[in-house]
Structures are given as C-alpha cells and as structure tokens.
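Step one of this worksheet: look at the structure below.
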Amino acid sequence: MTDEELMLSYKEGDLGPFQVLYGRHKERLMGYLVKKLSDQIEAEEVFQTVFVKLHTNRMKYSKDIPFLPWFFTIARNVMIDHIRKRNTYKKYISVDTDHVNSYAANDKTESFSIGDSISELSSLSDSQRRALELRFDEGLSFGEIGKRMSSNSLNARQVVSRGVRALKSLIEVGGQK
C-alpha cells in the first residue's frame, strides 16, 4: 500500500497502518531532526511529538495531499515550535545559500541522500512555507489561505502547488518516488 492509502485507512480508525508508516519513516525523520537540531536528546523529544501530531491531525488528512510533504511539514513545524520554546530559532534554522545555489545549478544527476534533500525544505519561499502550513496543518481551503495571505484563492492554489512540487522534487532527488 502507498503512504497515502495507509494514511486514509489510519484516518478511518485502523491502527495497523500507523505502525507501517512509523516503520517506513522513523529513520528518515530521526536523521532529519538530528541533522537540524544537532542534539540527539532534543531530536528524540521532537520525534515523539511529530508522531503524536500525526495521530492528532490524522482527521485533517485528505487523499489529495501527498503524504511525505504533509508529514514533513508537521515535522518542521513541531521542530520550529520546539526551537522557539528555547529561544534559539535563528541558531538552528538557516538556509545554506551556497549549497542551495550549487544544487539549483546541478542538472540533478548528482546523487543526494533523502536526508540532504529533506534538509533543503528551508529553501522554500516564505509564502510557500506559509501556504503549505495553512493548507496541511490547519486544513484551510484555498479561499481561506488567499484571505490569510492577502491574496485570492487562485494565487493560493498556485503557491501551494509550487510548494508541493518543490518538496516532491526534493524527495525524488533523494531516490524516493
């Protein structure tokens, strides 16, 4: 079963798919958190919270949403909340512009690990990150997103779509489709 099919089954009350999703993505998530937080204990705290959030937000999941971008948006937001609580936001979250620029200049034939690809989530524009948060974390419609972002529903749909495509390309570069 695909991640999306598992998530829909989990949303309907079957707990088995959660175990499969956990097994598939625990190492990738932990690698991402350790790399971003540079602290195993903090990464473990955030790791647990991410799966709790996955559970509590499962009813917001839609079959039209690719699972991995949705999941890593949850992970990113939990990590940011964790960092903000410790007043060290800028210490941990930054964009390595040299790496992003060299990556963008590549013809994408160079091999990157999924951990490297996921770490590039911060290369999304602010509007893309915000639109993805509103869509996937808060479950807002494109019209509601447009209003929150002082725009319209068509523009909100485009920003979300571009963000999802960017995340998807990062994941595909890492060898995951």
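Values as computed for the structure displayed
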read-out	value
Single condition Leu140 does not satisfy, out of (1) part of a helix (DSSP H, G or I); (2) at pLDDT 70 or above; (3) not small (Gly, Ala, Ser)	(1)
Residue list for region 7-20, restricted to those being aliphatic (A, V, I, L, M) and without any contact (Cβ under 8 Å) to a residue 40 or more places away in the chain	Leu15, Val20
Selected residue (only one of Lys90, Lys35, Lys63, Lys85 is surrounded by 13 or more Cβ atoms within 10 Å (Cβ to Cβ) and either at pLDDT below 90 or charged (D, E, K, R) (or both))	Lys35
Subset of region 27-53 (residues that are of a type outside the set (Gly, Ala, Ser), in contact (Cβ under 8 Å) with a residue 40 or more places away in the chain and over 15 Å from Asn77 (Cβ atoms))	Arg28, Lys35, Glu42
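The values are calculated or read from the model by the stated rules, or taken from the named source; none is laboratory data. All values reported here derive from a predicted model rather than from experimental measurement. Every residue, glycine among them, receives a Cβ derived from its backbone with ideal geometry; neighbour counts consider all protein chains shown.
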